[in-house]
Amino acid sequence: MAWDWQMFCEDTLDRTVREGCFGKDGDITYLDWMLSAWGWTVSVSLLALLLALVAGVVIGTIRTLPDSKWTVRFGNAWVEVFRNIPLLVQIFLWYHVVPAIFPAMKSMSGFVLVVLALGFFTSARIAEQVRSGIQALPRGQRHAGMAVGFTTWQTYRYVLLPNAFRIIIPPLTSETMNIFKNSSVAFAVSVTELTMFAMQAQEETGRGVEVYLAVTGLYIVSAFTINRIMTFVEKRVRVPGLAAPGAAGGH
Amino acid sequence: MIELKSVSKWYGSFQVLDDCSTRIEKGEVVVVCGPSGSGKSTLIKTINALEPVQKGEIWVNGTPVHDPKTDLPKLRSHVGMVFQHFELFPHLTVTQNLTIAQVKVLRRSLDEARKRGLKMLERVGLMAHKDKFPGQLSGGQQQRVAIARALSMDPIVMLFDEPTSALDPEMVGEVLDVMVSLANEGMTMMCVTHEMGFARKVASRVIFMDVGGKILEDCTKEDFFGNPDARQPRTKDFLGKILQH
Ligand SMILES: Nc1ncnc2c1ncn2[C@@H]1O[C@H](COP(=O)(O)OP(=O)(O)OP(=O)(O)O)[C@@H](O)[C@H]1O
Ligand SMILES: [Mg+2]
């Protein structure tokens, strides 16, 4: 079977090969389309990651607060709900059910809904890691923070969270890579991200092998980049004399 | 300086402190000893409210610690505490360990905090290690940094919870030396420790706690060591055991 990589240089409307592979004057080649789809994948993933990190750290933290039953219960419920409903179902819930309850959300684009769904879904998993990271710290650390006069907030800010964060970098890395993989469900609500592009482009051109190989390559590049970034972060925050927290592991 | 009035504490139905009362005057060094599980750590941690109590009153320098309206972080900022397992902040350098609470809690400038922190580091003899991380220090060195960290806050009293019991024997001395010099300078101290040599040398009083969280003895050092016949049988028993080695 001969590979025909030239198909990426074809215009998406008239299927003629364009010079330089990029469309001009508003024309779009398959390469243009694929890169823009990659852009959507990256945007969905990064925004969802940001939301997941913020919500995950907050929820994970309040699950470890001493003497506050209600925040702990709320945090636990959050994790159970968002972790146990399949992601695709959650996306449809955001798409169909939530706007029915809150009419104000009817005008939200598929993009926003996917970011919310993916972000909250992942926040539950990150919250779980943050909680176990905090609870893995020696019990005396909380007392030590309080003993020097830190408030509860300061104890978390300056003692517990920085240390918990170092422990959970490995599982956070795999969570970040999961977000990229999971972002493919965005096609379900018509966001033209990579997976959506692959399905449509292979239908139009019949060159499924090339399309899927290229898309796979982009997913791999994305995953590799994240891995490098997280390794860099891990090196940057590594504390001399402290055992590497690799044992915490991923899933 | 410190007063405990009929303090009791329970974990569920399990009583850890049973009607404990004592006073510590300014400049006194009080040693607390007793068998494992008798509530020594719990007792000492009630003083800076790391362990809340259900009954009784605790006063520190005129502040009612048991009062829910008391600003506990502020109180704790001038009660120094040293833990069995050092509990330095592992992600911060020695200098940062010494300065962070001065800056964030006492609102000192970084310069001022560093000056004060390094002075305390000098005093525990560890100036050469100011840029290391806790994980790069020996246990004895970590504990001395922990003492310096507490001293940097200009505490009105120092609490020690078994500061040497997690140390290899050859490092116990260097930590005790620092504690002895503190005591000799007139620092008010409460020390949970089984180092009876330290107690004999600098303690003003000795408190003996027994299982069930009761204060069984609360007497001067002279009485505690020099007048065994006036002691409770449990105390004699305990002293016999720990003085053997
Ligand atoms: N969080 C807790 N929940 C339930 N029981 C506890 C808790 N913390 C301590 N205890 C119990 O309270 C009792 C007193 O503990 P504490 O640590 O004060 O004893 P200790 O005299 O310091 O002992 P050690 O010499 O071993 O340090 C022990 O029986 C312990 O098991
Ligand atoms: Mg103890």
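The values are calculated or read from the model by the stated rules, or taken from the named source; none is laboratory data. Please read these numbers as outputs of a predicted model, since none were measured by experiment. FYI the Cβ positions are ideal-geometry reconstructions off the backbone, even for glycines, and counts take in every protein chain you see. The area values use the complete protein model at the heavy-atom level, side chains included, leaving out ligands, DNA and RNA. Shrake-Rupley method; radii C 1.70, N 1.55, O 1.52, S 1.80 Å.
Quick notes on this one:
- The charge dipole of the protein assembly as shown, taken about its Cα centre with unit charges on the Cβ of Lys, Arg, Asp and Glu (plus for the first two, minus for the last two), comes to roughly 1180 debye.
- When the Cα gyration tensor is reduced to axis lengths a ≥ b ≥ c, the ratio a/c is 1.5 or higher for the range B:162-226, and with a/b not above b/c it is classed as oblate.
- For the Cα trace of the range B:1-145, dividing Rg by the Kirkwood Rh returns an Rg/Rh value of 1.02.
- At q = 0.18, 0.23 Å⁻¹, base-10 log of I(q)/I(0) for the range B:197-245 (Debye sum, equal scatterers on each alpha carbon): -0.53, -0.88
- A straight chain from residue B:185 to residue B:243 at 0.36 nm per residue would run longer than the Cα-Cα distance by 18.1 nm.
- Taking every C-alpha pair closer than 8 Å and separated by at least 6 residues, the mean separation divided by the residue count of the range B:84-155 gives a relative contact order of 46 percent.
- The residue among A:113, A:61, A:149 whose Cα reaches farthest toward the positive pole of the charge dipole of chain A, with charges on the beta-carbon of Lys, Arg, Asp and Glu, is A:149.
- Along chain B, longest interval not containing exposed trypsin sites (Lys or Arg not before Pro), exposed being DSSP loop plus at most 16 other Cβ atoms within 10 Å: B:108-245
- Between residue B:23 and residue A:81, the modelled labels are 5.7 nm apart [label points 7 Å from Cα along Cα→Cβ].
- For chain A, the relative contact order comes to 23 percent (Cα pairs under 8 Å, sequence separation of at least 6).
- Simple label model, 7 Å out from Cα along Cβ direction - residue A:157 to residue A:109, nm: 3.6
- Ordering A:174, B:209, B:224 by the projection of their Cα atoms onto the charge dipole of the protein assembly as shown, which places +1 on the Cβ of Lys and Arg and -1 on the Cβ of Asp and Glu, puts B:224 at the extreme positive end.
- Secondary-structure-derived ellipticity at 222 nm for chain A, considering helices only, amounts to -21500 deg cm²/dmol, per-run term -39500 (n - 2.57) for DSSP H runs with n ≥ 4.
- Degrees, to the nearest 10: B:169-184 long Cα axis against longest axis of chain B: 90
- Judged by the gyration tensor of its Cα atoms, with axes a ≥ b ≥ c, chain A is prolate; a/c meets the 1.5 cut and a/b is the larger of a/b and b/c.
- Between residue B:70 and residue B:111, the distance separating the two model label sites (each 7 Å from Cα on the Cα→Cβ line) works out to 3.7 nm.
- Taking every C-alpha pair closer than 8 Å and separated by at least 6 residues, the mean separation divided by the residue count of chain B gives a relative contact order of 27 percent.
- Surface accessible to a 1.4 Å probe, per residue, for the residues of chain A, Å²: 50
- Above-threshold pairs, the threshold being 22 Å between Cα atoms, out of B:40/B:236; B:55/B:214; B:221/B:241; B:74/B:214; B:5/B:45: B:74/B:214
- Net charge over other residues, Cβ less than 11 angstrom from the Cβ of residue B:155 (K, R count +1; D, E count -1): +1
- Percent carbon-and-sulfur accessible area, the range A:5-237, ignoring ligands, DNA and RNA, probe 1.4 Å: 67
- In plain terms, chain A is cut at each of the trypsin sites (Lys or Arg not before Pro) found in a DSSP loop with at most 14 other Cβ atoms within 10 Å, and the longest leftover piece is A:25-237.
- Note, ³J(HN,Hα) from phi for the range A:62-72, Karplus 6.51, -1.76, 1.60, rounded to Hz, x at Gly and Pro: 5, 6, 10, 5, x, 6, 9, 3, 6, 5, 5
- Among the GluC sites (Glu not before Pro) within the range B:148-245, those in coil by DSSP and having at most 11 neighbouring Cβ atoms inside 10 Å are B:185.
- For the range B:84-155, with +1 on Lys and Arg beta carbons and -1 on Asp and Glu, the positive-most of B:91, B:125, B:103 along the dipole: B:103
- Residue B:129 accessible area, assembled protein chains, probe 1.4 Å, Å²: 40
- Hz values of 3J(HN,Hα) by residue in the range B:112-119 - Karplus curve (6.51, -1.76, 1.60), Gly and Pro given as x: 4, 4, 5, 4, 5, x, 5, 4
- Using R0 = 25 Å, the C-beta based FRET efficiency linking residue A:216 and residue A:24 works out to 0.30.
- Chains A and B together, accessible area buried on both sides, 1.4 angstrom probe, square angstrom: 2000
- Cα gyration tensor category, rounded, prolate or oblate, for the protein assembly as shown with a/c compared to 1.5: prolate
- Compared with the direct C-alpha span, the chain from residue A:65 to residue A:17 gains 11.1 nm at full extension, assuming 0.36 nm per residue.
- Label point at residue A:89 placed 7 Å out along Cα→Cβ; residues across the range A:156-180 whose backbone nitrogen lies under 18 Å: none
- 5 angstrom amide H check on residue B:82, placed H, neighbours 5+ away: B:159, B:160, B:161
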